[in-house]
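Structure first, then comments.
The values are calculated or read from the model by the stated rules, or taken from the named source; none is laboratory data. Fair warning: this is a prediction, and the values are worked out from it, not measured in the lab. FYI the Cβ positions are ideal-geometry reconstructions off the backbone, even for glycines, and counts take in every protein chain you see.
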Amino acid sequence: MKLKTQRFFKVTSLLIIFLIGSSILFYNLKNNLVFFFSPSEILEKKISSLENVRLGGMVKKGSIKKKETEVGEKKVQETIFTITDFEREIFVYYVGILPDLFSEGQGVVVEGNLINENRFNAKIVLAKHDENYMPPELDNIVKPTN
Amino acid sequence: MLEVSSIYLYRNRKQVFKNFNLNLKNSEIILLEGENGAGKTSLLNMISGLINPDKGFIKIYKKSIVELGNQKKKIFTYIPDKNCLKENLSVNENLKSWLNLSNLKVNDNKYQKALNTFSLNSIQESLVKSLSQGQKKKVALTKLLLSKSKLWLLDEPLNGIDTKTITILKKIMIQHVRKNGSILFSSHVKLDLKLTKRIILKKIVNKFNIDLLDQWENFQ
Amino acid sequence: MGKLSMKNFKTLLYREFIISFKNTKSLYSYCTFFFTSILLFVFATGPDISILSPIYKPILWMITIFALILISESFVFEDFFDGSLSELQFLGYSEEIIFLSKSAVMFISLIIPNIILIPVSSILFKVNFLDVIEIITLFSISLPTITLISILSALFSLQVKRNKFIQFILIMPFFIPIIIIATSENFFVTNLGNEFKIFVLIGLFLITLPLSILIGKLIIKELNY
Amino acid sequence: MFTKLANPSTFQKISDFIFPKCFGLFIVFLISGFYYVFFSSPPDYLQGETVRIMYIHVPCAWLSLGIYSMMAGCSFFSIVFKHTLADIISRACAPLGACFTLATLITGSIWGKPTWGTWWVWDARLTSELVLFFIYIGHIFISNAYEDKRKGDRYAAILTLLGIVNLPIIKWSVDWWNTLHQPASISKLSSPSIDPSMMIPLFLMVFSFLFFFISLVLLRIKGEVISRKLEILEQHRA
């Protein structure tokens, strides 16, 4: 009997420690583990222009401007577009090859530095795909929501 | 004092003990004999609570070892085959640390006397790693003199010590028995000592039936 | 019961302290190892601060993990092979307390030299003072977790006599989250405050502690078979 | 009751009866699935032909989670009831699960390059799937590390039960955190955001992979049972 109560105390105390730990972990991770920030989140935080951050959102319709420039002997593509979360907007400058899925109205994640409130210099552009799959003929008839 | 009743033990799918019984009363000495792998060390390990038997129970002073828990150190002294000495500490430090672990307080006089029994006085400050095999065994056996418990469990205490030390050890054991203590020990070396009982352990050979393979329990 | 196990814990702690601090050789070799590897990086990269200061944290962790793996083996292996691990058990000390006292002493014997060595070595890397404090806090919060895991993995590799690879397999997935959170600026966690890191590390420790106690107890018991 | 009823030879009889049927179903589903995948299904409006990778990626991913939950159930069973069959099943499952997880990671990476523009990102979904792969590998190593198979089984079971924390993280990581990986297209509650013409090949492939897995597992269990029998015989001869 005495042995059993002893074991009971041991196991319950260990379980309580475990639960406290996992709740601390879960609470902190749920709020903070993000792959990217939205434009309004990134503008709320004060982030220095040297820090590497990821910014994600929709490419605003009609905002993509492409320009071919020559750097040395190589031809490079320079792209300027706007990322929006329908509240705040940020201009993004990017030099390099864009992924195939990059287009207007599509989700995108960029990695780079926030120079000032308006301007973001991207080093990497990743296209974010949504969960809708449909054949191309249907696309003209039903537009996906969002 | 010590009661081992109907023990069953399997190790690596082999049966080591099958309905084994042993009873040790006050001022008795029992010698365990048997070939290698017959289960002498396993038995001592079971009694000291390092291994649990699959079936049956072991009781010391009518209490099972699991219940004893922290009081084990008061009730028996076990000297296993390995010496349990830290190589980087001196003889003194080793014995003091052992005394501390087993909650014993020994005055200096008794301590020096114990060391003197195995003539370890001259090497008490030297590190254990500089000692010979026999000397290490002697240091381990000194723990018996410092302990106050009634039950001694000794696993091959005569291994690697000279004849002079064997006679000393014999004397110590006889003294312990006279003081109402009891000893359970295993040995290969013949020791001319008045034993209460001699138990010869044998390897168990089980007949195997191929039909047994048709039950999941036998896969365990 | 609580008082008794506290007393047992103190006795064991005292024993472990004596054993590990009698062995001053390991402390010297740790300090030598620490400074040689740090100087190696300083000489290899040259005096450029922009290269030097970002690699300070990874070097520190690399040295610590290497030392941990070596020390944890000596902590567990010696006790097992001279039989004193089973001696502690048949003297009536419970396996949880044995495991805990070992990890506690190992943690202390790693944190004391590091608290002295980190500020000294940070001068060579020209890391500024606030960063040093941050490094030391994160380091000392994440070290207990890593100590527990490495003692556990040493016990595992003791149990699995023929297979050394298991230690690597254990360390790989379980060290990674701790190291990521303690060292990285933005990995998949983008730009986070230090409070967040501290809380996450404490959470990880509280999760690891009961699990490693339970598993460590199981392994220490089974080593006798 | 279950322990008494299922003895190895009746279990073997049942699995010998199931195996050819599963394998036949696998072949049928695979052929019809391949027909749909390559000829009868349309390309996606955005991804184009790349979408066809999904028909391998999604079944593999689902199976990698399904196999793990099955292993976790078996581990629980083996720890609580100590039934050897549970150990044998999880031992048979682990390498298959690892293969499916690896296939998920590789196909996902091949899909990610043209779609996202990168082979790999440290996103919550991808990382947790990688951790799943590590757990599978750990299971394989731990269960084979001991000379005594039962010991290995026990520790592997503990690892599997600990790793079960990872399953909800994989499943809901796309909902809890903003990740690069898209949220689930098919869920119970809402109508699927995937076109029926793509749903048919997807489910054909899912079923074909499922039957493939079942038949492989049955084969592996048979082999494991025989090897254990041999081991016992060898020990008793010595």
Restricting the range C:60-118 to residues that are surrounded by fewer than 19 Cβ atoms within 10 Å (Cβ to Cβ), within 12 Å of chain B (Cβ to nearest Cβ) and among the small types (Gly, Ala, Ser), which is farthest from residue B:45 (Cα to Cα)? C:74
Tell me which residues, restricted to the range B:100-112, are in contact (Cβ under 8 Å) with a residue 24 or more places away in the chain and assigned to a helix (DSSP H, G or I). B:101, B:110, B:111
Please find, among A:111, A:137, the residue that is in a helix (DSSP H, G or I) and either at pLDDT 80 or above or out of contact with any Ser or Thr (no Cβ under 8 Å at 6 or more places or on another chain) (or both). A:137
Pairs please, first residue from the range D:39-68 and away from chain A (no Cβ under 14 Å), second anywhere and assigned to a loop (DSSP other than H, G, I, E, B), Cβ atoms under 8 Å, 6+ apart in sequence or on different chains. D:68/D:164
With D:158, D:135, D:140, D:200 as the choices, which residue is surrounded by 19 or more Cβ atoms within 10 Å (Cβ to Cβ) and in a helix (DSSP H, G or I)? D:135
Considering only residues that are in a loop (DSSP other than H, G, I, E, B) and of a type in the set (Lys, Arg), which ones fall in the range A:66-108? A:88
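Scan the range A:30-48 for residues that are assigned to a helix (DSSP H, G or I) and either more than 7 Å from chain C (Cβ to nearest Cβ) or in contact with an Asp or Glu (Cβ under 7 Å, 6 or more places away or on another chain) (or both) and jot them down.
First, the residues of the range A:30-48 that are assigned to a helix (DSSP H, G or I): A:30-32, A:39-44.
Correct list: A:30, A:31, A:39, A:40, A:41, A:42, A:43, A:44.
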If residue D:46 satisfies every condition in (1) modelled with pLDDT under 85; (2) part of a helix (DSSP H, G or I) but one, which is the exception? (2)
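Going by the structure shown, is residue A:63 surrounded by 11 or more Cβ atoms within 10 Å (Cβ to Cβ), in contact with an Asp or Glu (Cβ under 8 Å, 6 or more places away or on another chain) and assigned to a helix (DSSP H, G or I)?
On the way: surrounded by 11 or more Cβ atoms within 10 Å (Cβ to Cβ): yes; in contact with an Asp or Glu (Cβ under 8 Å, 6 or more places away or on another chain): yes; assigned to a helix (DSSP H, G or I): no.
Here the answer is no, as residue A:63 does not meet what is asked.
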Residue ranges of helices (runs of 4 or more DSSP H) in the range C:1-107 with at least 2 members under 21 Å from the mean Cα position of the chain (by Cα): C:2-22, C:24-45, C:56-81
Can you find, within the range B:58-86, the residue that is farthest from the chain's Cα centre (by Cα) among those that are within 7 Å of another protein chain (Cβ to nearest Cβ) and part of a loop (DSSP other than H, G, I, E, B)? B:86
Examine the range B:2-20 for a residue that is out of contact with any strand residue (DSSP E or B) (no Cβ under 7 Å at 6 or more places or on another chain) and of a type in the set (Asp, Glu), and state whether such a residue exists. no
Is at least one residue of the range B:143-163 over 24 Å from residue B:90 (Cα atoms) and without any contact (Cβ under 8 Å) to a residue 12 or more places away in the chain? yes
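Of all residues in the range B:1-49, which are small (Gly, Ala, Ser) and surrounded by fewer than 14 Cβ atoms within 10 Å (Cβ to Cβ)? Don't jump to the end; show me each part of the working.
Here is the first cut: in the range B:1-49, the ones small (Gly, Ala, Ser) are B:5-6, B:27, B:34, B:37-39, B:42, B:48-49.
Those that are small (Gly, Ala, Ser) and surrounded by fewer than 14 Cβ atoms within 10 Å (Cβ to Cβ): B:5, B:6, B:37.
Return yes when residue B:97 is in contact with a helix residue (DSSP H, G or I) (Cβ under 7 Å, 6 or more places away or on another chain), touching a residue at least 24 places away in the same chain (Cβ under 8 Å) and among the small types (Gly, Ala, Ser) and no when it is not.
Criteria not met by residue B:97.
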Options B:44, B:68: the member that is out of contact with any helix residue (DSSP H, G or I) (no Cβ under 6 Å at 6 or more places or on another chain), among the hydrophobic types (A, V, I, L, M, F, W, C) and over 26 Å from residue B:172 (Cα atoms): B:68
Can you tell me which condition residue D:122 does not meet? The list is (1) of a type outside the set (A, V, I, L, M); (2) within 14 Å of chain A (Cβ to nearest Cβ); (3) touching a residue at least 60 places away in the same chain (Cβ under 8 Å); (4) in contact with a Phe, Trp or Tyr (Cβ under 6 Å, 6 or more places away or on another chain), and all the others hold. (3)
